[in-house]
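Have a look at the structure below before the remarks.
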Amino acid sequence: MHTIERLSAAEFEASVKELADLLVDAVDDGASVGFLAPFDHEAAAGWWRAQAPAVAEGRLMVWVARDGAGIDATVSLALAAKPNARHRGEIVKLMVHREARGRGLSRALLATAERAALEAGADLLLLDTETGSTAEHVYLTGGWTRYGIVPEYAGSPDGTLRDCSFFYKRLTSGSA
């Protein structure tokens, strides 16, 4: 049984090691999440620590799914800072550990982030993911709309350039 919780700034700092373990697992499994192999725990922890100011300021919300053994999944919501963009946010770093997949954690985390976005006044969400990936299937079947594919947008961990699909989701029915 997993519980989903939003990390406070202090909890975030205390969770950096486990978040780094999750990020390393994603990269080792070939996920195109912004890093190239080899990717070690020190680099992963450094990346997470660099997010701490945004978490403390509330510009970045981070949730984790935990079981008795620790963090198995995470998702983040980055709120737009520009005055003309306060109605939107971006889903970033949705990751589920290889050993915890198939339990609905990605959908549960997405639903949590979507509710939080609405509470924060953001009714338009954006994200991107590797075209043809398992993650893309989650978005395609979860009410997200693909609005484009950019060829060879980003490198997979082995450096191979991959296409990227860009998605949006309106969270209110009155939005066009």
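The values are calculated or read from the model by the stated rules, or taken from the named source; none is laboratory data. Keep in mind that what you see is a predicted model, and the values were worked out from it rather than measured. Note: ideal-geometry Cβ built from the backbone for every residue, glycine included; neighbour counts use all protein chains shown. Side chains are part of the model used for accessible areas, which takes the heavy atoms of the whole protein and leaves out ligands, DNA and RNA. Shrake-Rupley method; radii C 1.70, N 1.55, O 1.52, S 1.80 Å.
Of the listed requirements (1) open to solvent by less than 50 Å² (accessible area, probe 1.4 Å); (2) more than 19 Å from E99 (Cα to Cα); (3) charged (D, E, K, R), E13 misses just one: (1). Out of R107, R98, R170, one residue alone is within 13 Å of the chain's Cα centre (by Cα), open to solvent by 80 Å² or more (accessible area, probe 1.4 Å) and of a type outside the set (S, T, N, Q). It is R107. Every test in (1) part of a helix (DSSP H, G or I); (2) open to solvent by 40 Å² or more (accessible area, probe 1.4 Å); (3) within 24 Å of T160 (Cα to Cα) is passed by A56 save one, and that test is (3). Quick check, is Y153 within 22 Å of A65 (Cα to Cα), of a type in the set (F, W, Y) and surrounded by 15 or more Cβ atoms within 10 Å (Cβ to Cβ)? Judged against the criteria, Y153 is not a match.
Applying the selection to the range 19-53, what residues are outside any loop (DSSP other than H, G, I, E, B), under 21 Å from T129 (Cα atoms) and open to solvent by 30 Å² or more (accessible area, probe 1.4 Å)? D21, D28, W47 - these are the residues of the range 19-53 that are outside any loop (DSSP other than H, G, I, E, B), under 21 Å from T129 (Cα atoms) and open to solvent by 30 Å² or more (accessible area, probe 1.4 Å).
What pairs come out if I take residues in the range 136-165 that are under 22 Å from A37 (Cβ atoms) and among the acidic types (D, E) and pair them with residues that are modelled with pLDDT under 95 and open to solvent by 80 Å² or more (accessible area, probe 1.4 Å) whose C-beta lies under 8 Å away, six or more apart or interchain? Final answer for the pair search is D158/L36.
Screening S76 with (1) in contact (Cβ under 8 Å) with a residue 40 or more places away in the chain; (2) open to solvent by less than 30 Å² (accessible area, probe 1.4 Å); (3) not aromatic (F, W, Y) gives one miss only, at (1).
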